[in-house]
């Protein structure tokens with residue numbers, strides 16, 4: 001999660017860097033309250049092993065429900081002998097497409113087929129070929145990992161055995177910004193995960209937290225305490241042009257950008273309780289975002305790529321994932337959890353939920369409220385971020 005003060009003192013550690021114990025949970029938790037009619041009935045046959053598992057996972061995450069062929073609105077048939085081949089038809093058995101997939105492995109081919117199915121039916125691209133970054137740890141240190149969106153092929157990109165937090169991607173690049181205590185102080189690190197090169201992006205006196213890169217990749221919002229209280233700052237992607245945007249008695253945290261790069265949403269406690277605010281990225285007056293119907297401390301906002309909705313965490317006893325229109329209004333509680341981040345389709349949210357004494361990453365289909373856990377490695381996983 002990107003909560004400033006929890007980030008400072010939380011203790012999450014990676015049990016042995018080299019010990020990766022992947023286990024696909026296969027667990028699907030469904031909250032159908034008011035949403036059962038929003039699932040898309042589909043049938044599938046002809047696939048086996050990895051291809052079948054991947055297709056089932058991908059389609060369930062995107063709001064599909066597997067039923068018998070007689071009850072299905074869409075029918076998928078195919079095979080995965082040598083390569084993945086798939087045919088999609090509607091309930092009248094009219095072919096919508098029939099394709100064979102080459103290159104990569106069975107898993108990547110199945111993801112590609114799932115994306116094609118999702119787009120053909122919903123007219124929105126799926127997120128099955130997306131990448132995520134997240135942290136894994138227990139105790140007083142953690143490491144940064146990257147993986148496929150479903151948690152497969154996870155690789156640790158740090159092995160520093162120190163506290164790290166808040167990984168975020170630089171759009172269009174295989175590069176991350178995150179907070180590291182390797183120097184003994186919270187610095188923001190720029191990390192090229194292709195070459196392994198690392199540089200200190202922000203190392204001002206005090207604390208450097210919560211980096212957030214604008215969608216166009218040109219600017220970075222972050223929280224710095226160089227002037228005393230944690231305040232919202234913005235600078236160019238090369239670190240130049242640093243500008244302070246807020247000056248309050250209480251600390252700011254958790255900045256995120258509007259998709260048009262013009263506005264920053266962030267958390268402030270200026271009213272005594274943490275709430276959502278927005279400010280022009282070039283400076284100006286702050287404006288509170290109304291979240292009617294949801295109380296408690298509000299943290300960790302993320303603006304949907306289509307610009308319509310902000311997802312955030314509310315702390316009302318338990319942590320809950322909520323949404324609100326970007327202009328403010330009535331908020332909706334979706335599921336228990338924290339650390340929400342939108343996928344590129346503005347439909348899928350990856351988040352953290354507490355389970356069996358630890359934390360796991362889960363995927364939420366917002367319209368249906370269906371939740372599915374991603375593949376796990378040893379240790380608690382949290383603070384996921386989608387590659388942009």
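Just one of the listed residues (199, 216) is part of a strand (DSSP E or B) and surrounded by fewer than 23 Cβ atoms within 10 Å (Cβ to Cβ), and it is 199. For segment 317-326, the condition of being touching a residue at least 12 places away in the same chain (Cβ under 8 Å), in contact with a helix residue (DSSP H, G or I) (Cβ under 9 Å, 6 or more places away or on another chain), assigned to a loop (DSSP other than H, G, I, E, B) and surrounded by fewer than 24 Cβ atoms within 10 Å (Cβ to Cβ) holds for none of the residues.
Of all residues assigned to segment 123-132, at least one qualifies as being assigned to a strand (DSSP E or B) and modelled with pLDDT of 95 or more. Reported count of residues in segment 327-343, each being part of a loop (DSSP other than H, G, I, E, B) and in contact with a strand residue (DSSP E or B) (Cβ under 9 Å, 6 or more places away or on another chain), is 4. Could you tell me whether segment 60-80 includes any residue that is at pLDDT 95 or above, under 28 Å from residue 157 (Cα atoms) and out of contact with any helix residue (DSSP H, G or I) (no Cβ under 7 Å at 6 or more places or on another chain)? Taking every residue of segment 60-80 in turn, at least one turns out to be at pLDDT 95 or above, under 28 Å from residue 157 (Cα atoms) and out of contact with any helix residue (DSSP H, G or I) (no Cβ under 7 Å at 6 or more places or on another chain). Within segment 104-144, the residues that satisfy the criterion of being free of Cβ contacts under 8 Å to residues at least 24 places away in the same chain and either under 29 Å from residue 191 (Cα atoms) or in contact with a helix residue (DSSP H, G or I) (Cβ under 6 Å, 6 or more places away or on another chain) (or both) are 104, 105, 108, 129.
The values are calculated or read from the model by the stated rules, or taken from the named source; none is laboratory data. Just so you know, these numbers come straight off a predicted model, no measurement behind them. Quick reminder, even Gly has a Cβ in these numbers, built from the backbone with ideal geometry, and neighbours come from all protein chains shown.
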